[in-house]
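A short write-up of the structure that comes next.
The values are calculated or read from the model by the stated rules, or taken from the named source; none is laboratory data. From a predicted model like this one, the values you see are computed outputs, not experimental measurements. Note that we place each Cβ from the backbone using ideal geometry, even for glycine, and neighbour counts take in every protein chain shown. What goes into the accessible areas is simple: the full protein's heavy atoms, side chains included, and nothing from ligands, DNA or RNA. Shrake-Rupley method; radii C 1.70, N 1.55, O 1.52, S 1.80 Å.
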Amino acid sequence: MSDTQAERQEKDLVFEYELDAPPEKVWRAVSIPAFREKWLPKQELAEAEPISTAPGEEVSYRMRDDEPPFLESIVTFHVRPDANGGTILRIVHGLADARLALRMPPAANSNGPWMMLAA
C-alpha cells in the first residue's frame, strides 16, 4: 500500500453491517434511484447518477453539504454475500474536497520527516 493510500484510508469513515437480506436486494436498495431515495434523498447527492459502479458489488456517489462551505465527499457502498445467505454492506465515506487538504495540518504523531529530525 502506498503512503497516499494509507493517508486516504485514515481519513475515511468506514461502517460495516451484517444484513439478513440477500445481496441482490441490498444492491437494488443502494443502486436503483427509486429505492435509494427512500433512505438517501437525492438532495443529499451532488449528482443523481453514480460516479462509478461495479454492478452487484460496488457503487459510489458524490455528495455535497447543503450549507456553506458546501464540502464534497464520496460515499461508496460495497455489497458482498455472507456465509449465511445474507449480506455484508460496507460503507466508505471519504471527504474528497481539495479545500480540506489546505486546512488540516499533519498530525503531530505522523512520524513525518520533521519529527525524525527532532529526535
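Residues in region 76-95 that are modelled with pLDDT under 95 and within 14 Å of F15 (Cβ to Cβ): H93, G94.
For region 66-93, residues that are touching a strand residue (DSSP E or B) at 6+ places or on another chain (Cβ under 8 Å), under 24 Å from Y17 (Cβ atoms) and assigned to a loop (DSSP other than H, G, I, E, B) total 2.
Of all residues in region 46-75, those satisfying the criterion of being hydrophobic (A, V, I, L, M, F, W, C), modelled with pLDDT of 90 or more and out of contact with any helix residue (DSSP H, G or I) (no Cβ under 7 Å at 6 or more places or on another chain) are I51, A54, I74, V75.
Scanning region 21-39 for residues that are in a loop (DSSP other than H, G, I, E, B) and either of a type in the set (D, E) or surrounded by 12 or more Cβ atoms within 10 Å (Cβ to Cβ) (or both) yields A21, P22, E37. Given the structure, is P106 modelled with pLDDT of 85 or more and either of a type outside the set (G, A, S) or open to solvent by 40 Å² or more (accessible area, probe 1.4 Å) (or both)? Taking the combined requirement at face value, the residue does not satisfy it. When region 55-74 is filtered for residues that are out of contact with any Ser or Thr (no Cβ under 7 Å at 6 or more places or on another chain) and either buried (at least 16 other Cβ atoms within 10 Å of the Cβ) or charged (D, E, K, R) (or both), the ones remaining, listed by number, are E57, Y61, R62, R64, D65, D66, E67, E72, S73.
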